[in-house]
Amino acid sequence: MVTATPSPEYLAESRTKVLNAFYSIPIPLEILTTAFRLWVKARPSSQGRLAYDDYLMIWATMAAVAECIAGLVYGAPNGLGRHIEAVSKEELRRFLMGDYIFSHFYDVAIASTKLSILALYYRIFAADNFRILVIATAVFVSMWLVAMEIVLGLGCQPVQGWWDPVVAKTATCVNKVAFTYSTNITNLIMDLWIFTMPMPIILGLQASRDKKIGLCFLFSVGLGTCAISAARLSVVVSVGSKDITWREVPLGILSAWEPCGGILCANLPLIYRAMVRGIKQISSTVRTSRSRTRDFSARPHSPYPDWTRINNSGGSNNYAVSKITVTRGSADPTEMDMIGNTGIKVERDFIQEIHRE
């Protein structure tokens, strides 16, 4: 059977720029939102101390950032984003090794994020039955992480079969496509369960309907992460593709963004108030600055914000200024004040009195 030789255009196709961009963007998002969370918790108004959910989020952020770095180091430089025909055997081996390392960080990142959310639930919801449910879910998540790590450690005998194509020919390995499917399906089910857990308690609160809806939205915004998990599930088949370095690009991108989405959603309930206040302050400052620029750009600066200075060009030393007061039934409307020729200051006060008889 004659194998067609790939064309130069085919071999030159590349997704590396897109890949590197999508591996890079989550890093500052994860670091900044978690740092903002810690800053909010460290303020005196928040008692200035961290809780277990904060420490778990720090760990999740470290794992997610390490995952993206592994993708940047082992991905595009070793063939990910190019067709397999344009990748050397050594590049393929290094890419598969990086993918193996990437998978470890992925599992730790998403499991730690889930545990952080569960720890937050345990801290803010005091119902005993709900806390028992939280503990049981946390145990299941922990067991899931242990199971994933055991499969990654023992799923290929020898372990080099995960990344060395030569060793893989004789190694005994689990079905990688089936393993990846099971990982994604169980992960998606856990996400749906965790993000809907607090809804019955929130709906049972003694609060207005609008507040309940707002709280439900705040705690269920993480369902957006489920959409990423579902999308990732749809491209798992790329694991078994012969052109793995080309077909696995969407899977790699979604695998980097899934922990990022979880971290953003887990941080949101703790930072949204500070974010709203900060946005309002910035908006108010911008509006005030624009208003002052528009009102005073043609006038000299005065230290009195409620006064307007009008320059005098006359030659006499003093001018009379009328101070007019109008009151009901008064026949004395005017008082005279004297100021120098550097200018006059005008203050307007409007006082309205309404008398009903």
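The numbers here are math on the coordinates, done by the rules we state, and not lab data. Owing to the predicted nature of the structure, the values given are computational and were not obtained by experimental measurement. We place every Cβ from the backbone using ideal geometry, glycine too, and count neighbours over all the protein chains shown.
Per-residue Karplus couplings for the stretch 61-69, computed as 6.51 cos²θ - 1.76 cosθ + 1.60 with θ equal to phi - 60°, are listed in order as 5, 4, 5, 5, 5, 4, 4, 5, 5 Hz, Gly and Pro entered as x. The modelled label-to-label distance between residue 213 and residue 166, using points 7 Å beyond Cα along the C-beta direction, is 6.5 nm.
Given 0.36 nm per residue, what is the gain on full extension from residue 10 to residue 279 after removing their alpha carbon distance, in nm?
92.0 nm
Label separation (residue 86 vs residue 223): 4.1 nm, computed from points 7 Å beyond Cα along the C-beta direction. Per-residue Karplus couplings for the stretch 72-84, computed as 6.51 cos²θ - 1.76 cosθ + 1.60 with θ equal to phi - 60°, are listed in order as 5, 7, 9, x, 4, x, 10, x, 5, x, 10, 6, 4 Hz, Gly and Pro entered as x.
Using 0.36 nm per residue and subtracting the Cα-Cα separation, the extra length available between residue 29 and residue 192 on full extension is 56.4 nm. For the stretch 13-277, a simple Cβ point-charge model (Lys and Arg +1, Asp and Glu -1, everything else neutral) yields a dipole of about 720 debye relative to the Cα centre.
Label separation (residue 39 vs residue 140): 3.7 nm, computed from points 7 Å beyond Cα along the C-beta direction. Relative to the current alpha-carbon distance between residue 131 and residue 176, full extension at 0.36 nm per residue lengthens the span by 12.6 nm.
Using the structure shown, select from 114/242; 41/280; 114/211 the pairs with a Cα to Cα distance greater than 31 angstrom.
Going by Cα-Cα distance, 114/242 fall outside the 31 Å limit.
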